[in-house]
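Working notes for the structure below.
The values are calculated or read from the model by the stated rules, or taken from the named source; none is laboratory data. In this text, all values refer to a predicted model and were calculated from it rather than measured experimentally. Don't worry about glycine lacking a Cβ; one is built from the backbone with ideal geometry, like all the others, and counts go over all protein chains shown. Protein only, heavy atoms only, side chains kept; ligands, DNA and RNA dropped before computing areas. Shrake-Rupley method; radii C 1.70, N 1.55, O 1.52, S 1.80 Å.
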Amino acid sequence: MKRNIFLIICLVSSLFCSCSKKNAEIRIANKDKPVIFYNRQPGNAFTGKVDMASLNHNADTFFVGSDAMGGGAMQGSLVVDFLLGSDAEKIDRNKDGVIGYVLLIGSDKQIDADYRTTGVRKALGTWNGSAKEKDTKDGSIKIGGKVYQVQELDSRVMKDKSGTAWNAKMASEMMAFWLWKYKDSIDLVISNNDSMAISCINTKGFPKGIPVFGYDANDDALKAIEKGEMIGSISQSFDYQAAMTMLMMRNLVDGVHGEDCIKNDVCSEYSYNKDFRSVLVQNSAVTKENLDAFKKNVKHSNGVKVIDGEATEKKILMTVYNENSFFTAQQLVPAMKYYAEILNLNLTIINGNGRNDSLILQKINDVNEYDGFLINLVSTTQGRSYLERIR
């Protein structure tokens with residue numbers, strides 16, 4: 001009798017241990033794992049609509065990036081403020097009463113490029129209801145008591161034959177063509193990013209003194225601003241983007257679900273758009289006047305840390321739209337790696353070529369081993385394609 005009781009106890013104990021082990025091995029279903037689209041918001045560049053089907057994938061899906069719409073408006077204001085504070089007769093190189101500019105558009109498949117183009121055109125009065133290349137009307141601006149016509153001489157998407165967008169080489173080739181075609185009618189050069197702007201400045205025969213405006217505030221742009229080769233640029237606050245993205249992912253994989261994952265004591269310069277499930281980090285304009293102060297503030301946050309260093313390592317799959325992009329590869333991703341290490345997030349990174357999403361998508365395998373996903377889209381219309389791969 002005692003022996004039977006002992007056997008029963010052993011059996012129950014064995015079953016209990018077996019169940020406990022199975023429970024410990026239970027993982028969250030892939031469809032319920034946290035997803036953060038970062039830097040590139042899912043959406044349609046042609047319609048300007050945010051892709052809410054992707055952002056509503058589950059309760060733990062968000063976008064983290066800069067305020068692209070606000071950044072576009074900020075770049076437009078930067079251009080207008082410069083004109084209003086300048087000697088317009090010196091800006092108007094051929095003295096025809098027209099402030100003529102050329103616009104370098106980064107991509108026709110990314111909503112951020114759309115916002116930047118829109119912001120510039122609305123500020124200068126050349127907005128004609130679209131961010132498409134060459135779709136503009138003439139605007140006007142009053143400088144020093146005189147009204148000048150504002151004209152977008154030309155605008156092109158900087159994409160080469162292979163489809164690579166935000167193409168600096170293409171920007172240089174196009175600038176050479178514009179200098180030949182428009183000569184001294186070009187009074188301003190405005191670019192969707194710094195790399196293309198710098199390529200224009202370095203183009204053979206580029207006239208010294210033409211005001212150039214960029215976007216990203218990368219190292220080359222800061223040097224150009226300091227030397228007077230560029231008027232200004234817009235910072236996307238890449239370090240805040242990186243910190244916010246990694247802090248939110250750490251919260252999500254630790255079981256802090258929904259909007260509570262956004263709360264932190266480190267990054268305060270952001271807003272949350274509940275309708276678009278988007279955390280938007282504030283931009284800042286950089287000119288020669290505030291260049292020194294800006295440089296001093298570009299540093300990693302000391303407040304990001306794992307409490308007591310006890311957070312369990314979590315595995316995160318991360319895609320990068322283009323390993324050759326200056327902003328993404330040399331600024332944003334290094335900062336994300338920095339915070340990932342502190343927060344004990346083990347990153348597996350898949351790099352793209354900037355032309356299409358298929359190169360990344362075909363490499364997304366064995367998703368069961370990951371606790372969360374960080375997605376940087378090539379084309380912002382492809383959110384659903386990524387979500388289907390990680391289910």
Subset tally (residues that are open to solvent by less than 10 Å² (accessible area, probe 1.4 Å) and either closer than 18 Å to I190 by Cβ or among the hydrophobic types (A, V, I, L, M, F, W, C) (or both)) for the stretch 33-65: 7
Pairs, first hydrophobic (A, V, I, L, M, F, W, C) in the stretch 153-176, second open to solvent by 30 Å² or more (accessible area, probe 1.4 Å) and in a strand (DSSP E or B), C-beta under 7 Å, six or more apart: M174/R156
Subset of the stretch 370-391 that is at pLDDT 95 or above and loosely packed, with under 14 Cβ neighbours inside 10 Å - its residue that is farthest from T312 (Cα to Cα): R384
Residues satisfying the stated conditions in the stretch 257-278, i.e. assigned to a loop (DSSP other than H, G, I, E, B) and either open to solvent by less than 50 Å² (accessible area, probe 1.4 Å) or in contact with a Cys (Cβ under 6 Å, 6 or more places away or on another chain) (or both): N264, V266, C267, R277
Residues that are acidic (D, E) and either farther than 16 Å from I231 by Cα or touching a residue at least 60 places away in the same chain (Cβ under 8 Å) (or both), drawn from the stretch 254-294: D254, E259, D260, D265, E269, D275
Any hit, the stretch 247-256, residues being open to solvent by 20 Å² or more (accessible area, probe 1.4 Å), under 17 Å from F37 (Cβ atoms) and of a type in the set (A, V, I, L, M, F, W, C): yes
Selection status of K208, open to solvent by 20 Å² or more (accessible area, probe 1.4 Å), basic (K, R) and touching a residue at least 24 places away in the same chain (Cβ under 8 Å): no
Among (1) under 21 Å from Y182 (Cβ atoms); (2) surrounded by fewer than 21 Cβ atoms within 10 Å (Cβ to Cβ), the one test that I105 misses: (2)
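Does W178 qualify as being in a loop (DSSP other than H, G, I, E, B) and either within 20 Å of V98 (Cβ to Cβ) or in contact with a Lys or Arg (Cβ under 9 Å, 6 or more places away or on another chain) (or both)? Steps first, please.
Details: in a loop (DSSP other than H, G, I, E, B): no; either within 20 Å of V98 (Cβ to Cβ) or in contact with a Lys or Arg (Cβ under 9 Å, 6 or more places away or on another chain) (or both): yes.
Considered against the rule, which asks whether it is in a loop (DSSP other than H, G, I, E, B) and either within 20 Å of V98 (Cβ to Cβ) or in contact with a Lys or Arg (Cβ under 9 Å, 6 or more places away or on another chain) (or both), W178 comes out as no.
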